Amino acid sequence: MSGESKDKIVTAAFLVIGDEILSGRTKDKNIGYLADFLTALGIDLSEVRIVPDEEDRIVEAVNALRARYTYVFTSCGIGPTHDDITADSIAAAFGVPIDHDPRAVKILTDFYPQGQVTEARLRMARIPQGADLIENAVSRAPGFRIGNVHVMAGVPSVMQSMLDAIGPTLETGTRILSRAIDADLPESRIAGPLREIQEAYPGTMIGSYPRSIDGRFSTQIVVRSRDEDLLDTAAEAVSAAVAAAVAARSA
């Protein structure tokens with residue numbers, strides 16, 4: 001890593017680009033993976049947007065997100081076909097020209113057999129001016145980083161490879177810790193006490209997740225915080241509230 005910043009919150013947004021995602025023809029498999037990847041680094045994935053293959057929509061989203069978050073990650077739209085317009089759209093968002101990058105061209109010519117570097121494949125070597133390349137260990141065609149925006153492929157195995165390449169370059173923050181408490185109660189029976197505990201410990205985030213098995217309702221409560229002592233104290237308060245609610249039901 002480039003270094004963990006104690007008590008610093010590092011944020012990110014994920015911009016998923018593609019008509020095929022919005023139409024349902026392709027099911028996104030990258031959001032959950034990226035969320036897990038960033039959480040493990042202490043980076044909060046704070047927003048996910050999905051936009052169509054339209055340059056103005058991509059430019060609008062990129063410029064809004066890069067101004068708001070520490071990092072922006074994108075997927076899809078850097079392939080060899082006519083509708084892969086992400087690279088051009090990112091260049092437009094940053095107001096820089098785009099052309100075949102000699103570094104990217106060399107990667108492709110070294111990878112493909114002689115005579116197989118077609119004009120279509122060379123489209124994948126078009127990189128905005130001033131961008132750094134992101135290594136692609138799977139299919140070689142690189143992604144790129146410009147400013148705080150990381151542009152990656154949509155194919156899950158390729159995107160995951162690119163994340164492995166850029167992970168060590170990212171600034172990380174204080175990781176969010178969590179505790180889970182199971183309550184053999186419907187969510188409604190514990191909602192009031194949870195609200196009071198949340199108000200008493202503003203440095204925590206408390207979520208409740210109802211479940212039903214064979215008609216029997218229960219709730220899992222998850223307490224999150226960057227402060228381990230505060231987390232333990234709030235989790236103890238939740239456990240005590242659950243025990244009291246169970247006792248009251250049994251009385």
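Points to keep in mind about this one:
- Legend: ranking of residues Ser75, Ser239 from fewest to most surrounding C-beta atoms inside 10 Å; resulting order Ser239, Ser75.
- Taking the longest Cα principal axis of the chain as reference, the axis of helix 228-250 is set at about 50 degrees.
- Förster-model FRET efficiency, 22 Å R0, Asp83 and Arg175, C-beta, rounded to 0.05: 0.05
- Of the residues Ile206, Thr233, Pro186, the one whose Cα sits farthest toward the positive end of the charge dipole of the range 177-250, with +1 on the Cβ of Lys and Arg and -1 on the Cβ of Asp and Glu, is Pro186.
- Potential lengthening between Asp99 and Asp229 on full extension [0.36 nm per residue; Cα-Cα distance subtracted]: 41.5 nm
- Contour excess over end-to-end distance, with Cα ends at Thr39 and Glu236 and 0.36 nm allotted per residue: 68.5 nm
- Projecting label points 7 angstrom from Cα along Cα→Cβ for Ala248 and Val222 puts them 2.6 nm apart.
- Efficiency of FRET between Arg140 and Arg211 - r from beta-carbon atoms, R0 41 angstrom, step 0.05: 0.35
- Helix 156-166 and the longest principal axis of the C-alpha atoms of the chain enclose an angle of approximately 90°.
- Nearest-20 debye value, the chain charge dipole, Cβ charges on Lys, Arg, Asp, Glu: 260
- When Lys8, Lys27 are arranged by Cβ crowding within 10 Å, least crowded first, meaning fewest neighbours, the order is Lys27, Lys8.
- Sorting Ser208, Ser250, Ser89, Ser23 by the number of Cβ atoms found within 10 Å of their own Cβ, with the fewest placed first, yields Ser250, Ser23, Ser208, Ser89.
- Entry note, the range 177-250: relative contact order of 42 percent, from Cα contacts under 8 Å with a spacing of 6+ residues.
- Gained length - Asp164 relative to Glu47, 0.36 nm times residue gap less alpha-carbon distance: 40.0 nm
- Principal-axis tilt of helix 191-200 within the chain, Cα atoms, nearest 10 degrees: 70
- The helix-based estimate of mean residue ellipticity at 222 nm for the chain, built from -39,500 (n - 2.57) per DSSP H run of four or more residues and divided by its residue count, is -11500 deg cm²/dmol to the nearest 500.
Values in this text are rule-based calculations from the coordinates and carry no lab data. Keep in mind that this is a model prediction, so the values were computed, not measured. Reconstructed Cβ throughout: ideal geometry from the backbone, glycine too, with neighbour counts over all protein chains shown.
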